[in-house]
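A short write-up of the structure that comes next.
Quick note: the coordinates plus some simple rules give every number you see, no bench work behind them. Quick caveat: nothing in here was measured; it's all calculated off a predicted structure. Every residue, glycine among them, receives a Cβ derived from its backbone with ideal geometry; neighbour counts consider all protein chains shown.
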Amino acid sequence: ALPEGVPFVFFDTDTVVTGPLSQVAFDFDRPSASMRRENTWPEIELYGPGYGEIWKSLYDKFGLDYAASLDLSQPDEYWQRYMYFNAGWFFGACPRAFGRRFLDYARAIDEDRPEPLICQQIYPWLDQIALPLVISSFGGGRPGPELDGLDGDITCHWRILPLAYARESDRVIKVIEQAAAPNRIKKILKEYEPMLRMIYQKRGRKVRALFDRNALPRRERMIRNRIKSEGFWMR
């Protein structure tokens, strides 16, 4: 376990580091998380509660400042107005305090969800539902420009190898392939079929040739569907 009271940064295991983390100006007293996400939750029903009612019910449940979480540059009932993160990276001042609260909030949502969430599917989104609440509770918020290197020139949360080959930069792919090249690493990674096929048998290069990184489809689902139609999807 990480020590009490020591600043931390969490990176998901499917992350590649492509530059020096020392160049990232973390403010550990103002936690934040990745904004590389899509509109995955909540799913708005035709006659059900909207984004505002759903998110406000969660902030109210934990006694948090809902108004402070809003991006007022975005229109009412547009999903980006409401703070929503990807859990590919996040950071804070104390890993144990953050972890305890993350677990407590997730359990509370799962076991006693507010009424506006009754018809919402919370799996597999529970971590993304709880994360903005936890970050708000510690005085954090959306990342500023000083964190642009995360999900940028310094780290990449690649998530699924076919997607990585389809859309990530040449630098990201080069670092992944270099990291996978030593024989002692190769021996282990070859046991995982997506890495065997995509990296070592070069199917990733075939996926990469299907897409123009300067004109990618707007939605991830469209990229996935193209990869699947070509028979290269695996995870």
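Key figures
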read-out	value
Crossing angle, helix 170-179 versus the chain [Cα axis fit, 0-90 degrees, rounded to tens]	70 degrees
Whether region 168-207 is rounded, prolate or oblate, judged on the alpha carbon gyration tensor where a/c under 1.5 counts as rounded	oblate
Set of lysines near Lys202 by C-alpha distance (under 30 Å), chain-local residues within fewer than 8 positions excluded	Lys174, Lys186, Lys187, Lys190, Lys228
The chain: Cα Rg divided by the 2.2 N^0.38 Å rule of thumb	1.11
Spin-label model distance (nm) - Ala179 vs Glu77, 7 Å beyond Cα toward Cβ	4.3 nm
Mean-position separation - Cα centroids, region 94-155 and region 20-69, in angstrom	7 Å
Total charge dipole magnitude, region 158-229, about the Cα centre, Cβ charges on Lys, Arg, Asp, Glu only, Debye to nearest 20	160 debye
For the chain, built as a Gaussian network whose Cα springs stay under 10 Å, the top-fluctuating residue of Glu77, Glu191, Glu38	Glu191
Helix-only CD estimate at 222 nm, as mean residue ellipticity for the chain, using -39500 (n - 2.57) per DSSP H run (n ≥ 4)	-10000 deg cm²/dmol
Using a Förster distance of 22 Å, the FRET efficiency for Leu70-Asp127 (Cβ separation, nearest 0.05)	0.55
Three-way shape label, region 17-57, alpha-carbon gyration tensor, a/c 1.5	oblate
Cα-centre dipole for the chain with unit charges at Cβ (Lys and Arg positive, Asp and Glu negative), debye to 20	1620 debye
Förster-model FRET efficiency, 22 Å R0, Tyr200 and Asn225, C-beta, rounded to 0.05	0.30
Simple spin-label estimate for Ile44 and Asp27 in nanometres, 7 Å along Cα-Cβ	3.1 nm
Relative contact order (percent, whole number), the chain, Cα cutoff 8 Å, 6+ residue spacing	27 percent
